[in-house]
Amino acid sequence: MNKRVRTMLFLEKLDIDLNNTFECGQNFRWKRREDGAYLGNVEGRAVCARRQEGGLLLEGALPEDEAFWRQYFDADSDYPALLRDVMDERLGAAMTDCAGIRVLNQPFYETLCCFILSANNNIARITGIVDRFCRIAPLDENGLHAFPDPRMVLEAGRDWVDSIGAGYRARSLWEAAERMADGFDGAALRHMPYEEACRTLRAFRGVGEKVADCVLLFSCGQRAAFPVDTWVERILTNWYGITGTRSQMKKLAMAHFGAYGGIAQQYLFLHAMRQKLRG
């Protein structure tokens, strides 16, 4: 019997650090191997990602999916150029320390569910709940589950959603599946003005201002969105002199950092965590 030939796709001219990209709090699905490669499953596409000189090698990816993966990794955006007008000493240090971050363009429903689970939670616990949530979906060739679609969740039942350890967030997951199955169009948020998109998302149970901003930034192409959590509050207060409520701080940060502020936020966020910035 002939062995299956594993396909490969090389994304050229992609400056990416996989650890910085996958471990900065924007995704809870990629799994790091001992050799530094990462296993992922995005919309049923199972790949092993490894950095190589000049770009990113995706083992298991199909050549015809190149456009999909270039968009997913935001491969054609030049972050230093996009942030040139707001560059300062702090941001410059963050971009040096955390070089190679890519702000991912993730599937809407997956991102919505993951960040509903992120509310008042830590990364390790979020990842565990997400893993349990995915167990109703098929396993891929790398041993990872795909992300379940809303119909799978509804067929599994409310009791199953309650059993995965999500606590009070389980009701929000269930209602998100119901709304998505009823035809909610997450793609439309890409084309809305930011404020309208934020209001639309906040109509979902369990989606406050910070969760809405994460979903808009990481799945809807709204690069001005500026999620503010404890770490970002410290950054804005200690490094930029911005104070007030988190909602007020976000508005001031968006005005300061402009159309691509969410990209700046990711560099600053990871840099602050590494610096163990305290309030």
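Details
- Theoretical FRET efficiency, 1/(1+(r/R0)^6), r = Cβ-Cβ of MET152 and ALA67, R0 22 Å, to 0.05: 0.25
- Formal net charge of residues neighbouring PHE147 (Cβ-Cβ distance under 10 Å; K, R +1; D, E -1): -2
- Label point 7 Å beyond Cα of ASP17 along Cβ direction - residues of the range 248-279 with amide nitrogen under 12 Å: 267-268, 270-272, 274-275
- Per principal axis, descending, Cα span of the range 214-278 in whole Å: 31, 24, 16
- Between ALA99 and GLU195, the C-beta separation translates, for a Förster distance of 35 Å, into a calculated FRET efficiency of about 0.60.
- Stretch gain in nm, segment LYS251-LYS276, where the contour uses 0.36 nm per residue and the Cα spacing is subtracted: 6.5 nm
- Stokes-Einstein, applied to the Kirkwood radius of the range 1-72 over Cα pairs at a viscosity of 1.306 mPa s and 10 °C, places its translational diffusion at 124 µm² s⁻¹.
- Three-way shape call for the chain based on the alpha-carbon gyration tensor, with the a/c threshold at 1.5: oblate
- With neighbours defined as other Cβ atoms within 10 Å of a residue's Cβ, the residues HIS191, HIS256, HIS145, HIS271 order from fewest to most as HIS191, HIS256, HIS145, HIS271.
- Debye log10 I(q)/I(0) at q = 0.17, 0.19, 0.21, 0.24 Å⁻¹ for the range 108-219, Cα point scatterers: -0.80, -0.99, -1.19, -1.45
- Of the residues LYS276, LYS13, LYS251, the one with the fewest other Cβ atoms within 10 Å heads the list, and the complete ranking is LYS276, LYS13, LYS251.
- Environment charge at PHE68 (Cβ cut-off 10 Å; Lys +1, Arg +1, Asp -1, Glu -1): -2
- When ILE126, ILE263 are arranged by Cβ crowding within 10 Å, least crowded first, meaning fewest neighbours, the order is ILE126, ILE263.
Where a number appears in this text, it was derived from the coordinates with a stated rule and is not lab data. Not measured: the values here are computed from a predicted model. Don't worry about glycine lacking a Cβ; one is built from the backbone with ideal geometry, like all the others, and counts go over all protein chains shown.
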